[in-house]
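First up is the structure itself, then whatever we jot down about it.
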Amino acid sequence: MKYSIIKKSSIKPSNIFPSSAAVRSLVVFLLSGLLNHAATAATPVIEITIKDHLFYPAELILPANTKIKLLIHNSDPTPEEFESYELNREKVIAGNSRAVIFVGPLKPGTYPFFGEFYPKTAQGKILVF
Amino acid sequence: MLLNSVILILQETLEAALLIGVLLAISAHLHSSLRWLWYGLSLGAIIAFFCAINMSTLSAWFDYAGQEVLNAIMQSMICVFIIVLVWLISSVRPLPTAASHAYGNRFAQLCCLIIMLAVIREGQEIMLYLSGFLGNVEHVQKVFIGSGIGFGIGASVGILLFYGLLALPTAWQKPAMLTLLALFAGNMLAQSAVQLTQVDWIAQTAPLWDSSAWLAEDSMLGELLYALIGYESRPTAAQMLSYVSGISLVWLAALGGTYYAKQQNLNGHSADSITSGACVK
Amino acid sequence: MNSIRVFLVAAILALVTLFTFVSALRGYQSSMQQAEQLFDSHLLVTAKLIANIQTSKDNPEINLNSKIVFQIWRDNLLIARSSGAPTEAIAKQQPGFGYRNFDGYRWRTLSYYRDPHWITVAERSDIRFSLAENVVTKSLLPTLIGLPLLGFLIWLIVTQGLRPLRKLAAELSSKQADDLEPLPTQIPKQELAQIITSTNGLLRRLEASLQREKQFASDAAHELRTPISSLKIQLHNMAEDVADKTNDLAQVNVITTQLEHVVEQILALYRSSPDHYNAQFSSLDLTLLTQEIIAEEYSSFDNKDQSIEFQGDSQFIFGDSFSLTTLIHNLLSNANKYTPQGGQILVSISRDVDAVVLRVEDSGPGIAEDQHQQVFERFYRVGGDRHQSGEPGCGLGLAIVKRIADLYGATINVGHSSFASGCAFTLRFKPACTLAMDPV
């Protein structure tokens, strides 16, 4: 059930090829230009803490089609790597330091993320509605 | 922990191993010396070590976009060096020994730089990962066994790629090597786009498609294809665009180099005939 | 990098590593899955056990003294829990397994409904995982430890397998330039048999063509002998008949003598060539032979007023009298030619620790040091054709001496003589065992 939204859409073979939405996003990207600094100011910030190789909170609920700035604070002395295949994000965070990752805008669905250095315990997900 | 170490080390090793495999095969093809490999590896490892111990400082640069920006710069540089390398390989023609020595040197320097950059990127992550477990009595053995397995698989694939390339019919060797280099260059540029998207220097757009149901990125084949041709199950427009431009640039460099070599050959011949004419007089 | 051995070892080891590691990982994954299921079923049994326990309401906190914590809920009211369990719900009231973070750990949770109770049990996932992994890792370890050993064995086997090739290479590279003997064919490796057969065929053809060349030269020289002899007789008769005692005829005579000499030398040179020559050797007294030759040639020394002296006692070497006679004769006539009128020649034979030494010294003009090696080349004459001595010569004499010395495995050196001027030729022969002496 976790992957319901992604799976449903990907079962249709036509989706493997660029859809009209994809073409539109390409155009949007081309128009938006390479540097995108102006938009960052208004981005909502959500904080995640890593402690004892666990994410706090382990579940985030975000609105759809919104860009979010994740502020990840690793309070463990050991480094951790925030990783998500679904979000296409990967970032090493040294022990006792902070990192920023931008996420979204996202379609509704579930986006699991995990700490690649301690994946058994450091697991979480972003729920987008 | 073991499987996780395997995957993590394999991800990092595989890319460097494949790159080294291709560059070694080109070296063997050109009968060039192999000193660049050791220089590249050791220089890369040293710089990676300093990057790893200063990771939190580096990360805080550019308003916490430091890591991504540095990675993107290194990846773009690898792409640029590959383009220059392809130009160099394509523009090779029968040269006098003195010039071919200089040519070999330039080739070796480029290979050294490419390997160094690849090792810095991959090495710092491996070092950070392993450092986290050094004091951990419970996990350290499994992590190191896993790392050994991951490294072994990565290195083996690199070695097999190297011998596989050399086992190809001679006429196919150069095209195959150039194709792999083009894919690497595209992959590097695409990865740099992902890095910049992550810190919002490039706007995030919806993925062009989602093929994760067919081939998941975290599967064994997915990892291999990711390292080899930059497979991504949910690529964005920026990624695709940089991937295609990386490949096109390498292709252009190969074409340009070949054309340049032809021109040089023609010029060289006419110059020769002029000098010989002067000698006759 | 271009080595067959490196290729075989590296490629085989890479393949073995790849397959071993990937299958080890597969084994790891399935073992871990099995372990997970085992732990889960254990958790379910625990939940069922707890459901069957009659809980007393006055003791809601039960000390299980276990890694497992549990809660018993009734109508959203916590009626009992283990001592480690928190007071908040540790899992949703939905039947089935799940994961949840609490108490600073990640837990595997199970909710189980037994009317009217919800039993939720939880087990620390990191401990479960560690336990399972410890077991699985121990089963993987032998494979990993075995790999370096396997690598070493592969290296040994490849080295052993390539040994015939290395041996063949060594045999080929140790071959002397003029050694055209076929390679030994008893090497059983079928892959090399073709190479050896081809190489031997090549050697055979080469030897045949060299043989033909020799045969041709020798036949040609032989055929020339008779007409030259007749020519000499004719010239002699002519000199008798024609009263013309001018220089011209004498010159023709000299040239004819020279021609005869060349032909004789070519014959001697090619007769001494065959490689299996040594097979016919027997022990003979070098001193005796030398003395005989000196006696035979005495007249030519006497003609030039040269004094010739011999020193030495009986020394035996392996050889045959024909080639040794040619050798000594050539050395003596060389000394005779290039030593001026009234000069001195000393021939000595002595026994060194490991050699029989034949020395021919003269009081002639000597040979410049830079020409010491060249004198043994065919058709080389010191000072070119305008040799001061004005002697007829073709430059083959010393080449033949060298050739025969080589056949005998003897060394030959040119040096300064013990006279005021002149040169000395020193030959060092392997001595024959005097006890096994054969009659000459």
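Odds and ends about this structure:
- Per-region count, the range C:56-85, residues assigned to a loop (DSSP other than H, G, I, E, B), at pLDDT 75 or above and closer than 14 Å to residue C:119 by Cα: 3
- Residue B:170 being surrounded by 17 or more Cβ atoms within 10 Å (Cβ to Cβ) and either within 14 Å of chain A (Cβ to nearest Cβ) or of a type outside the set (Lys, Arg) (or both): no
- Residue, farthest from residue C:325 (Cα to Cα), within the range C:289-310, restricted to residues that are hydrophobic (A, V, I, L, M, F, W, C) and within 50 Å of the chain's Cα centre (by Cα): C:310
- The lone exception for residue B:86 - which of (1) away from chain A (no Cβ under 14 Å); (2) over 16 Å from residue B:19 (Cα atoms) it fails: (2)
- Checked against (1) of a type in the set (D, E, K, R); (2) touching a Pro at 6+ places or on another chain (Cβ under 9 Å); (3) touching a residue at least 24 places away in the same chain (Cβ under 8 Å), residue C:81 meets all criteria but (3).
- Scanning the range B:208-219 for residues that are under 24 Å from residue B:12 (Cβ atoms) and surrounded by 15 or more Cβ atoms within 10 Å (Cβ to Cβ) gives B:211, B:212, B:217.
- For the range B:203-236, taking the residues that are among the aliphatic types (A, V, I, L, M) and under 22 Å from the mean Cα position of the chain (by Cα), the one that is farthest from the other protein chains (Cβ to nearest Cβ) is identified as B:229.
- Residue check for residue B:16: under 24 Å from residue B:160 (Cβ atoms), modelled with pLDDT under 85 and not polar (S, T, N, Q): no
- Output for the range C:106-155, where each listed residue is more than 45 Å from the chain's Cα centre (by Cα), in a helix (DSSP H, G or I) and not hydrophobic (A, V, I, L, M, F, W, C): C:125, C:126, C:128, C:130, C:133, C:134, C:137, C:138, C:139
- The range B:1-88 holds helices (runs of 4 or more DSSP H) entirely within its bounds, and those carrying 3 or more residues that are within 16 Å of the chain's Cα centre (by Cα) map to B:2-30, B:35-53.
- Of the residues making up the range C:193-218, just one is surrounded by 13 or more Cβ atoms within 10 Å (Cβ to Cβ), under 25 Å from residue C:396 (Cα atoms) and free of Cβ contacts under 8 Å to residues at least 24 places away in the same chain, namely C:211.
- Any hit, the range B:132-140, residues being part of a helix (DSSP H, G or I) and not aliphatic (A, V, I, L, M): no
- Flag not set for residue C:153, criterion: among the hydrophobic types (A, V, I, L, M, F, W, C), farther than 30 Å from residue A:51 by Cα, modelled with pLDDT under 85 and exposed (fewer than 14 other Cβ atoms within 10 Å of the Cβ).
- Scanning the range B:47-61 for residues that are more than 13 Å from every other protein chain (Cβ to nearest Cβ) and loosely packed, with under 14 Cβ neighbours inside 10 Å returns a single hit, B:50.
- Any hit, the range B:130-149, residues being in contact with a Pro (Cβ under 8 Å, 6 or more places away or on another chain), buried (at least 22 other Cβ atoms within 10 Å of the Cβ) and over 24 Å from residue C:2 (Cα atoms): yes
- The range A:53-82 - residue that is in contact with a Ser or Thr (Cβ under 9 Å, 6 or more places away or on another chain), closer than 18 Å to residue B:131 by Cβ and assigned to a loop (DSSP other than H, G, I, E, B) and, of those, farthest from the other protein chains (Cβ to nearest Cβ): A:75
- Counted residues, the range C:288-303 - those being surrounded by 14 or more Cβ atoms within 10 Å (Cβ to Cβ), under 18 Å from residue C:342 (Cβ atoms) and free of Cβ contacts under 8 Å to residues at least 24 places away in the same chain: 0
- Unique residue being farther than 17 Å from residue B:211 by Cα, of a type in the set (Ser, Thr, Tyr) and surrounded by fewer than 22 Cβ atoms within 10 Å (Cβ to Cβ) when the list is B:259, B:226: B:259
- From B:219, B:233, B:192, B:211, residue being modelled with pLDDT of 90 or more and polar (S, T, N, Q): B:192
- Residues located in the range B:138-151, provided they are farther than 22 Å from residue A:74 by Cβ and either within 10 Å of chain A (Cβ to nearest Cβ) or among the hydrophobic types (A, V, I, L, M, F, W, C) (or both): B:144, B:145, B:149, B:151
- Residues in the range C:82-101 that are within 17 Å of residue C:66 (Cβ to Cβ) and surrounded by 14 or more Cβ atoms within 10 Å (Cβ to Cβ) were compared, and the one that is farthest from the chain's Cα centre (by Cα) is C:82.
- Selection from the range A:83-106 of residues that are more than 7 Å from chain B (Cβ to nearest Cβ), out of contact with any Lys or Arg (no Cβ under 8 Å at 6 or more places or on another chain) and not in a strand (DSSP E or B): A:87, A:95, A:96, A:106
The values are calculated or read from the model by the stated rules, or taken from the named source; none is laboratory data. All figures in this text were calculated on a predicted structure; none of them were measured in a lab. Backbone-built Cβ (ideal geometry, glycine too); neighbour counts: all protein chains shown.
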